[in-house]
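See below for the structure under consideration.
The values are calculated or read from the model by the stated rules, or taken from the named source; none is laboratory data. Here the structure is a predicted model, which means the values were calculated and not measured. Note: ideal-geometry Cβ built from the backbone for every residue, glycine included; neighbour counts use all protein chains shown. Quick note on the areas: whole protein, heavy atoms, side chains included, nothing else; ligands and nucleic acids left out. Shrake-Rupley method; radii C 1.70, N 1.55, O 1.52, S 1.80 Å.
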Amino acid sequence: MLEAPALSLLTGGEAVAVAVRQIDPDVFPVYPITPQTPIIQSFAQMVADGQARTEIINVESEHSAMSAAAAAALAGARTLTATSSQGLALMVEVVYIAASLRAPVVMAVGNRALSGPINIHADHSDAMLARDTGWVQLFAENAQEAYDLMLLAPRLAEHPEVRLPVMVGLDGFTITHSAEPVALLGDAKVQAWVGEYRHPYPLLDTANPVTVGPFAMPDSYFELRYQLQEALERVPGVLEALCRGYARLSGREYAAFESYRLEDAERALVVMGSAAGTAKEAIDRLREQGEKVGLLKLRLFRPFPAQALREALAHVPHVAVLDRALSLGSFPPLYAEVCAALYGSPTRLQSYAGGLGGREIYTEDLMRLFGELAELPAGPTRYVGLRR
Amino acid sequence: MREIRWHGRGGQGAKSMSQVLAEAWLRQGRWVQAFPEYGPERSGAPVTAYTRADARPIRIHHAVRNPDAVVVLDPSLLGEVPVTAGLRPGGFVLVNSPESASSLAERLPGVRVLRVDGSALARTAGGNYANVVLLGAVAGVLGEPALEALQQAFAATFAKLSPEAVAVNFKALEAGYRAALEEAERPGPGAVQAAPTPREDLPGAVVLAQDAPHPRTGGWRTGLKPAVRLEACVNCLLCWVYCPDAAILTENQAFVGFDYQHCKGCELCVKACPTAAIEMVPEGLELVGQGQLTPRTQGGRHA
C-alpha cells in the first residue's frame, strides 16, 4: 500500500472524516448538523465508494444517534459519531448515559454556539454543556490536531483502565471548514494502531448474557458514579502513555496541554481551540519586542489536569484565561477550573471571554490583552472584541 | 425522639399509616415527620416508611437508622427484607401474621418479637386492611399516641371515606390498640445486611447472570398468579418472549411452567397466549380445566 503524500490540503471536517475512514469503525450512527455536516458528508462518500466497511445508521435525531452509538459500542462494535451545538444539546441526556454505561464511543464535535439567538459559528458553549457527563473532552487547535486526536481517541476510550466515551472538539468553521495542510498516516499504520475492538461483555454474546443499564438504588448509585470519577482520574496517565506511542508512530508530540514559550514567561495566556494558534502569533510578535509572554494551550479539558497545570504555571506571576463560552451569571468555565487549580498560588489570574458565536479573536486583541495584563487591578471578567 | 420503621408491600398502606401516626402525634402536641423510601414503585414491591415524633422541632432529613419499633405489615417480607436491621436495644418488631410469635422469633433471632393477626382482626371489624390494626397495635405498645388521637388523625387523613368505612376502621384501630399481643424472643444477633458494593471489574453497572442479586419479585404478586392448561398449550413460546422477568420455564425449548419466585403477576403471558391456555388464578389454587380450579396439591414442581 502506498503511503499518503506528505501533506494533504484538508478542512478540519475532512481530516476527521479521513481519520474515521482509516479507523474503519463498525458503526457510525449520525444526524447531520452544521458545522459537523462535512464530516459525515465526506465519510458517507468514502463508505459509498467502498473505502470503509462501516455501517452508517441514518437516525431521526441526535438523541437517537447517541442511543444507537452507546448500544452499538456495548453490543461489541467500535462506534464513532459526530455532532455539534443543538445536536449535542438534544443528545445530552444519552451523552450522560453513554458515559455511565462505560460505552467507549468516540465523537467529533464541531464546536459551535448554542441558541439563542440561533448562530452556527465557533464557540465552546456546546462542549461546556457536556462537561459533567463523564466523557473525556479533548480540544484541537487545528485540522492536524483534530486528525491526530481522532486517532488517539479510540485507544483512550477503549483502554481497559478507562473505558469511557471521548469527545474531540474542533472549532466550528474556523477549523471544520478551513483547509489546511495535514500530515496523514498510512491506512495500514492506523489500522495497526487502533487494533481490534474488544468489549469484555458484549451484548451480542448470547452465550454469556449480561444485564446492562440496571436501576441503581441509593445503596449503589453513588459507588457507580464514583467508579466514573476514578476512571476519569486514570485518563491523564493513560493518555500520556498513548501519546508516547503515537509520537513513535507519527513523529508528532501530544500531551494534555502544550506549553509555548512559557519557561521564562512573566505573563501567560490559557486558552483552548483555534485561538491558541493566534495566541502563538501574538506571543512571537511580543517576544520580538522583548516581552516575556507565553501560552498554555489546553487540549484535555475533562478530566481537568489541575495539578499538572498548577505546576506548569507556578512560576508565572500573571495569567489570563480566555474562555470561548460563558457560564451565565458566574465566572466563565475554563477560568473557574484554572482558578480552582491555582487556588493558594501567588499567581494573579484574570478572566477574559471572547470569540462567542464566531466573533473573531484577532492577533491584535491578544497582544492588547498581554499588554494590559500586568497593569490591571483585580477585577471581573473582561470581554475581548465586545461592542458596548 | 421516637422513631418507627414500617415495612409493607406497595398497596398495603405502610406509607399512609406512617403519616396517620405522625398526624396523631401532631394532634397531641408533638413535632413529627413521616416519609417513605421509594424503591420500585409498584404494587406488591417492598416499601419502607418512617415516622418520627419529638418534643422539639425535627430538623434531620435522613432515614431512621435505629428505630424504637418496626412494624411489618406482611409476613412474607421476613425472608426478603432485613426488618430487624439497626433495631435499638429495648426495641421491638411487631409483625402482622397468623403464625405464632415463637415461630416468628426463630426467624428473627435476637430481638423482641410481638405478633398480632391483624388481617383476622381487620376482617372481624368488617374491613380488609391489616395496616390500621397494626397502627393501633404499635400505639398500644408504645402507650402513645392516644386511641382518640389516632382515630381523629385517621378521619382527617381519609376525609373522603364514607362514615360507614370510617366506623369500620375505627373499630379496627381499637381492636389493634387493645389487642393482647403475643410475644417471644430467641437469642441471636439482630440481622444487619450491608449493601452490596458494585463490582470494580465490571464498569458501567454490568450485571453478570451468575451475579444477579435477583430480588424474589414473586412476592410482588397481589393474590393472583398465572396457571396453565398444558393440553391447550401449542408451545409457541410467546409467553417466554413477552415475560419481562424470565419467569417462563422451558426444557428443550418446550414450555414446562412458571418460576413463581420471580413471576410478578403482570399477566403479559395471559395476554400473549393465543390459545388462552394461561389464566390468572388465586394463589394456592391450581387450574384443572378452563376456568376450573382445585386447591394446590403438595410438591408442585415450580411452586
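So, in the stretch A:181-213, exactly how many residues are hydrophobic (A, V, I, L, M, F, W, C), facing another protein chain (nearest Cβ under 9 Å) and not in a loop (DSSP other than H, G, I, E, B)?
Here the count works out to 1.
At least 2 residues that are open to solvent by 80 Å² or more (accessible area, probe 1.4 Å) and at pLDDT below 95 in each: list the strands (runs of 3 or more DSSP E) lying fully within the stretch A:302-388 that qualify.
Those strands (runs of 3 or more DSSP E) do not exist here; none qualify.
Yes or no, residue by residue, for (1) over 30 Å from A:Ala207 (Cα atoms); (2) more than 14 Å from chain B (Cβ to nearest Cβ); (3) modelled with pLDDT of 95 or more:
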position: A:Ala4; (1), (2), (3): yes, yes, no
position: A:Asp24; (1), (2), (3): no, yes, yes
position: A:Glu62; (1), (2), (3): yes, yes, yes
position: A:Tyr96; (1), (2), (3): no, no, yes
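Name the single residue, out of those in the stretch A:100-122 being under 24 Å from A:Tyr197 (Cβ atoms) and buried (at least 24 other Cβ atoms within 10 Å of the Cβ), that is nearest to the other protein chains (Cβ to nearest Cβ). Break it down stepwise before answering.
Within the stretch A:100-122, the subset under 24 Å from A:Tyr197 (Cβ atoms) is A:100-109.
Imposing the further condition that a residue be buried (at least 24 other Cβ atoms within 10 Å of the Cβ) reduces the set to A:102-109.
Working: A:Arg102: 3, A:Ala103: 7, A:Pro104: 10, A:Val105: 12, A:Val106: 16, A:Met107: 17, A:Ala108: 23, A:Val109: 22 Å.
Looking at residues that are under 24 Å from A:Tyr197 (Cβ atoms) and buried (at least 24 other Cβ atoms within 10 Å of the Cβ), I get A:Arg102.
Here are the criteria: (1) open to solvent by less than 10 Å² (accessible area, probe 1.4 Å); (2) part of a strand (DSSP E or B). Tell me which single one B:Gln33 does not satisfy.
Of the numbered conditions (1) open to solvent by less than 10 Å² (accessible area, probe 1.4 Å); (2) part of a strand (DSSP E or B), the odd one out for B:Gln33 is (1).
Could you please find all residues in the stretch B:117-151 being more than 16 Å from the chain's Cα centre (by Cα) and among the hydroxyl-bearing types (Ser, Thr, Tyr)?
B:Thr124
Show the residue pairs that are 6+ apart or on different chains and have beta-carbon atoms under 7 Å apart, the first residue being within the stretch B:106-128 and under 27 Å from B:Pro187 (Cβ atoms), the second being modelled with pLDDT under 95 and hydroxyl-bearing (Ser, Thr, Tyr).
Short answer, once both residue conditions are applied: B:Leu108/B:Thr84; B:Val111/B:Thr84.
Yes/no per residue for (1) within 14 Å of chain B (Cβ to nearest Cβ); (2) closer than 14 Å to A:Arg102 by Cβ; (3) open to solvent by 30 Å² or more (accessible area, probe 1.4 Å):
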{"site": "A:Phe215", "(1), (2), (3)": "yes, no, yes"}
{"site": "A:Pro218", "(1), (2), (3)": "yes, no, yes"}
{"site": "A:Phe222", "(1), (2), (3)": "yes, no, yes"}
{"site": "A:Tyr226", "(1), (2), (3)": "yes, yes, yes"}
{"site": "A:Glu230", "(1), (2), (3)": "yes, yes, yes"}
{"site": "A:Gly237", "(1), (2), (3)": "no, no, yes"}
{"site": "A:Cys243", "(1), (2), (3)": "no, no, no"}
{"site": "A:Ala247", "(1), (2), (3)": "no, no, no"}
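Which condition number does B:Thr197 fail, the rest of (1) within 26 Å of the chain's Cα centre (by Cα); (2) among the β-branched types (Val, Ile, Thr); (3) at pLDDT 75 or above being met?
(3)
Scan the stretch A:43-60 residue by residue and report those that are surrounded by fewer than 17 Cβ atoms within 10 Å (Cβ to Cβ) and in contact with a helix residue (DSSP H, G or I) (Cβ under 6 Å, 6 or more places away or on another chain).
A:Gln51
Looking at the stretch A:1-109, what helices (runs of 4 or more DSSP H) fall wholly within it and have at least 2 residues that are farther than 26 Å from A:Ala216 by Cβ?
Where helices (runs of 4 or more DSSP H) fall fully within the stretch A:1-109 and carry at least 2 residues being farther than 26 Å from A:Ala216 by Cβ, they are A:12-23, A:37-48, A:85-100.
Only residues that are in contact with a Leu (Cβ under 7 Å, 6 or more places away or on another chain) and open to solvent by 30 Å² or more (accessible area, probe 1.4 Å): list them for the stretch B:251-267, please.
Correct list: B:Val256, B:Asp259.
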